[in-house]
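The values are calculated or read from the model by the stated rules, or taken from the named source; none is laboratory data. Bear in mind that the values here come from a model prediction, so they are computed numbers and not experimental data. Counting neighbours? That spans all protein chains shown, and the Cβs are built from the backbone with ideal geometry, glycine included. Remember, those area values only see protein heavy atoms, side chains included, never the ligands or the DNA or RNA. Shrake-Rupley method; radii C 1.70, N 1.55, O 1.52, S 1.80 Å.
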Amino acid sequence: MSDEQDTTGQSADPSATHAPSSGGERMTFQAEVNQLLQLMIHSLYSNPEIFLRELISNGSDALDKLRFEAVSNDNLLADDTELRIVVEADEAAGTVTVRDNGIGMNRDDVIANIGTIAKSGTKQFLESLTGDQKTDAKLIGQFGVGFYSAFVVADRVTLTTRKASDPAASGVVWESDAEGGYTLSEQSVDARGTEVVLHLKEDMKEFAGTWRLKSIIKKYSDHITFPIMMWSEPTPPPPAEDGEEEQAAEAPVLEQVNAASALWTRPKSSISDEEYTEFYKQVCQDYEDPLVWAHNRVEGTQEYTSLLYVPKKAPFDLFDANRDARGIKLFVQRVFIMDEAEKLMPRYLRFVRGLVDSNDLPLNVSREILQNNRIIETIRSASVKRVLGMLEKLAEKQPDDYKAFWTEFGACLKEAPGEDFANREQVAKLYRFDSTHTDKEGEWVSLDEYIARMKPGQDKIFYITADSYRAAANSPHLEVFRDKGIEVLLMHDRVDEWGMSYLSEYEGKSFVSVAKGDLDLDAIEGDESDKEAREEREAKVKEAGPLIERMSEVLKEDTSEVRASTRLTLSPACVVLGEQDMAMHMQQLMKQAGHEMPSSKPALEINPSHPILELLDKEQDEDRFADWSRLLLDQALLAEGGQLEDGAGFVKRMNEMFVALHAG
Ligand code: ADP
């Protein structure tokens, strides 16, 4: 039972005066709305009850907005001060009504919010749908089903609303049967707020049952901080005794159905995993359970509570630069203030969801105030530490879950060094990379594991970047490392090249790209490889002077230098970039995106022990020598993910070489 009751009966609810519309101006839905509506109706058919969660959540948002605005304008509340949501069922009429006395909407708001989908990434989202109902239902859940989920259970929906700041005469009635459009008409509405009436489909009439609705509210909306009220069932009168006059049935009263306690204010020990999970789904509007969460109360000079969740799946638009800032909600003394991602979390943790409730900020805090606010700064840096700690623990205790996390969000974390210099090493501890040690894609290693395996005398962490696992794993630059048994990290996320430019070291060991600059591996005691072969190679390197001179002359326009390689054991040649140069595959990407790239020339390193170089050394025909030298440079560029300016010339030279070799 609730402690808040309305004993005056059904008609006493001040906003119950809304009447269904008829006629009105006919409008058509935006194309995306139509598409989404039909998809949603089909995809959510197996879980129709969530419509109530969505409508209640909208009502709760509207009440939050009103309460927030009323802080600076108390006229808004007028004499209707008990903020609440009322859910009504009418079995005879087959309707469910959800009503709030929140902020409401005017005509323009209704057109903008209910007739269109303003969310960024809608198009991209619709394109990502697969046609498979199960998969699509999940995607729609992630996208946020919202108001339109009403049409999963209703074939007609009537929304009547009046904005809190407007006079009664400016009420609006919106009605639709989801068949391409809606009608809009004006109507005087006495009470502020919004009422949504669902005319249930034949096979959805069960939702007009009071008991059913109550149990759905308990399940999904128990933590909504505003009271959710329903009418009690009429209690039959006690049987009249002889001679007594028959008593009337007790009139129904409005009773509060939800607990309405802000979950995060309760002690941790009193909250079950199921409660945390349901709360997450409700508040963060996710279809799936969260992966992990951390709930903390901080007391002392500053007082706040944070409840932070990591989702299981990345939203489809995680890497979309125009993505809506979702993420952390800010409350002040339990009053919802705003959804605010950037200020409470750095961008590289933009996947973290949940809330922060501060006791120290003023209630009328604005986005501007948050800009350089000391309290926010403190909460933010503590929250970052908390998230990193939670992930560290996950990696340690539940490696499989951590792997799933890394698959979804690893690329996001790799943005950290550029954004959060102070925490870069702590974040890097969480990194996972492919490696020559496992030599299998997806069998990741951590930097700590790498360091533990370093060879005696090795003080650097070697890595290579490429645009795919295979390109990295097959790079000729790895040959000497494989030969000596020195591990190299194989990085093939787009963000790696950029991220690594900010992460110069980890645990005092500097990062070195094996594809750039001079390599000096002499100090490292590698595995004992075939000593004879190595000495032979080294001798050949010493004798390569004349060959190098000839090649340098031919390739002087396109290379910074030709030199004998200490990297190669199997391949004839490779290109090597300067230490500050951007990797070839990235240069290619930047060019495609229309950026001017400085044309720094790579060095060509040759392997004088390779049969092709031995042949080349003997070649007397200068034209043929030039062609073959060029061919070596071109194939080294290709192996590096570069692009040839003269692809046809490359093919022609290669064919000629085949013929020449065949001719002996
Ligand atoms: P979302 O709630 O995810 O934004 P919805 O489709 O549920 O998406 O709602 C779209 C918009 O319509 C909301 O953002 C809000 O501006 C407006 N709206 C919906 N329901 C209400 C309501 N009960 N009161 C006021 N505005 C509402």
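Scanning region 47-93 for residues that are within 31 Å of the chain's Cα centre (by Cα) and assigned to a loop (DSSP other than H, G, I, E, B) yields ASN47, PRO48, GLU49.
Could you tell me whether VAL575 is in a helix (DSSP H, G or I) and of a type outside the set (Phe, Trp, Tyr)? Walk me through it before giving the result.
Values: in a helix (DSSP H, G or I): no; of a type outside the set (Phe, Trp, Tyr): yes.
In short, no.
Looking only at region 167-185, filter to residues that are at pLDDT below 95 and charged (D, E, K, R); which one of those is surrounded by the most Cβ atoms within 10 Å (Cβ to Cβ)? Ranking the qualifying residues of region 167-185, first place goes to ASP177. Looking at this structure, is ALA169 of a type in the set (A, V, I, L, M, F, W, C) and part of a loop (DSSP other than H, G, I, E, B)? So ALA169 does not fit the description; no.
Exactly one residue among SER270, SER306 is open to solvent by 20 Å² or more (accessible area, probe 1.4 Å) and either modelled with pLDDT of 80 or more or closer than 26 Å to ARG374 by Cα (or both), and that residue is SER270.
Quick grid of which residues meet (1) in contact (Cβ under 8 Å) with a residue 24 or more places away in the chain; (2) in contact with a helix residue (DSSP H, G or I) (Cβ under 7 Å, 6 or more places away or on another chain):
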residue	(1), (2)
GLU408	yes, no
ASP420	yes, yes
GLN426	yes, yes
GLY442	no, no
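Checking every residue in region 56-65 against the condition of being in the same structural domain as THR183 (by TED's automatic domain parsing) and away from the ligand (no atom under 16 Å from the Cβ) gives zero matches.
Out of LYS556, LYS542, one residue alone is surrounded by fewer than 11 Cβ atoms within 10 Å (Cβ to Cβ) and either assigned by TED's automatic domain parsing to the domain that holds ASP634 or more than 30 Å from ARG432 (Cα to Cα) (or both). It is LYS542. Of the residues screened, ASP467 is not one that is touching a residue at least 60 places away in the same chain (Cβ under 8 Å), within 24 Å of LEU568 (Cβ to Cβ) and over 35 Å from the mean Cα position of the chain (by Cα). Look at region 24-48: where a residue is under 16 Å from ALA112 (Cα atoms) and among the basic types (Lys, Arg) and a partner is surrounded by fewer than 19 Cβ atoms within 10 Å (Cβ to Cβ) and at pLDDT 85 or above, sitting 6+ places away or on another chain with Cβ atoms under 9 Å, you get ARG26/GLY181; ARG26/THR183. The single residue among GLU396, GLU377 that is at pLDDT below 95 and loosely packed, with under 14 Cβ neighbours inside 10 Å turns out to be GLU377. Scanning region 448-468 for residues that are open to solvent by 30 Å² or more (accessible area, probe 1.4 Å) and assigned to a helix (DSSP H, G or I) yields a total of 4. Yes or no: region 589-599 includes at least one residue that is touching a Pro at 6+ places or on another chain (Cβ under 7 Å) and open to solvent by 50 Å² or more (accessible area, probe 1.4 Å). For region 589-599, residues touching a Pro at 6+ places or on another chain (Cβ under 7 Å) and open to solvent by 50 Å² or more (accessible area, probe 1.4 Å): absent.
Of the residues making up region 408-421, at least one is over 13 Å from VAL292 (Cβ atoms) and over 20 Å from the mean Cα position of the chain (by Cα).
Can you pull out the residues in region 94-103 that are part of a strand (DSSP E or B), more than 12 Å from MET229 (Cα to Cα) and of a type outside the set (Val, Ile, Thr)?
Restricting attention to region 94-103, the residues satisfying the condition of being part of a strand (DSSP E or B) are 95-100.
Now drop any that are not more than 12 Å from MET229 (Cα to Cα), which leaves 95-96.
If the condition is that a residue be part of a strand (DSSP E or B), more than 12 Å from MET229 (Cα to Cα) and of a type outside the set (Val, Ile, Thr), then no residue fits.
Is it true that ARG53 is buried (at least 20 other Cβ atoms within 10 Å of the Cβ) and more than 12 Å from the ligand (Cβ to nearest atom)? Against the criterion (buried (at least 20 other Cβ atoms within 10 Å of the Cβ) and more than 12 Å from the ligand (Cβ to nearest atom)), ARG53 does not qualify.
So that you can scan it fast, the table gives a plain yes or no per residue for (1) outside any helix (DSSP H, G or I); (2) open to solvent by less than 40 Å² (accessible area, probe 1.4 Å):
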{"residue": "ASP242", "(1), (2)": "yes, no"}
{"residue": "TRP264", "(1), (2)": "no, yes"}
{"residue": "TYR276", "(1), (2)": "no, yes"}
{"residue": "TYR280", "(1), (2)": "no, yes"}
{"residue": "GLN285", "(1), (2)": "yes, no"}
{"residue": "ALA294", "(1), (2)": "yes, yes"}
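Across region 69-87, the number of residues qualifying as open to solvent by 10 Å² or more (accessible area, probe 1.4 Å) and in contact with a Phe, Trp or Tyr (Cβ under 7 Å, 6 or more places away or on another chain) comes to 2.
Just one of the numbered conditions (1) without any contact (Cβ under 8 Å) to a residue 12 or more places away in the chain; (2) in a helix (DSSP H, G or I); (3) not charged (D, E, K, R) is not true of LEU644: (2).
Okay, residues lined up against (1) β-branched (Val, Ile, Thr); (2) open to solvent by less than 30 Å² (accessible area, probe 1.4 Å); (3) more than 27 Å from THR407 (Cβ to Cβ):
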| site | (1), (2), (3) |
| --- | --- |
| PRO476 | no, yes, yes |
| MET491 | no, yes, no |
| SER501 | no, no, no |
| VAL514 | yes, yes, no |
| LEU521 | no, yes, yes |
| ASP527 | no, no, yes |
| ASP530 | no, no, yes |
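Only residues that are buried (at least 18 other Cβ atoms within 10 Å of the Cβ) and within 12 Å of the ligand (Cβ to nearest atom) were counted in region 112-130, giving 3.
So, in region 198-210, how many residues would count as being part of a strand (DSSP E or B) and more than 34 Å from the chain's Cα centre (by Cα)? Spell out how you get there, then give the answer.
To start, the set of residues in region 198-210 that are part of a strand (DSSP E or B) comprises 198-200.
Still in the list and also more than 34 Å from the chain's Cα centre (by Cα): 199-200.
Selection size over region 198-210: 2.
Scanning region 88-111 for residues that are near the ligand (Cβ under 9 Å from one of its atoms) and surrounded by 18 or more Cβ atoms within 10 Å (Cβ to Cβ) yields VAL98, ARG99, ASP100, GLY102, ILE103, GLY104, MET105, VAL110. Of everything in region 327-367, what is more than 20 Å from LEU63 (Cα to Cα), modelled with pLDDT of 75 or more and open to solvent by 30 Å² or more (accessible area, probe 1.4 Å)? Give them in sequence order. If the condition is that a residue be more than 20 Å from LEU63 (Cα to Cα), modelled with pLDDT of 75 or more and open to solvent by 30 Å² or more (accessible area, probe 1.4 Å), then LYS343, ARG347, ARG353, ASN359, ASP360 are the ones that fit.
Of all residues in region 180-197, those that are within 16 Å of the ligand (Cβ to nearest atom) and part of a strand (DSSP E or B) total 7.
Going by the conditions given, is LEU370 among the aliphatic types (A, V, I, L, M) and modelled with pLDDT of 95 or more? Lay out the reasoning, then the answer.
On the way: among the aliphatic types (A, V, I, L, M): yes; modelled with pLDDT of 95 or more: no.
Judged against the criteria, LEU370 is not a match.
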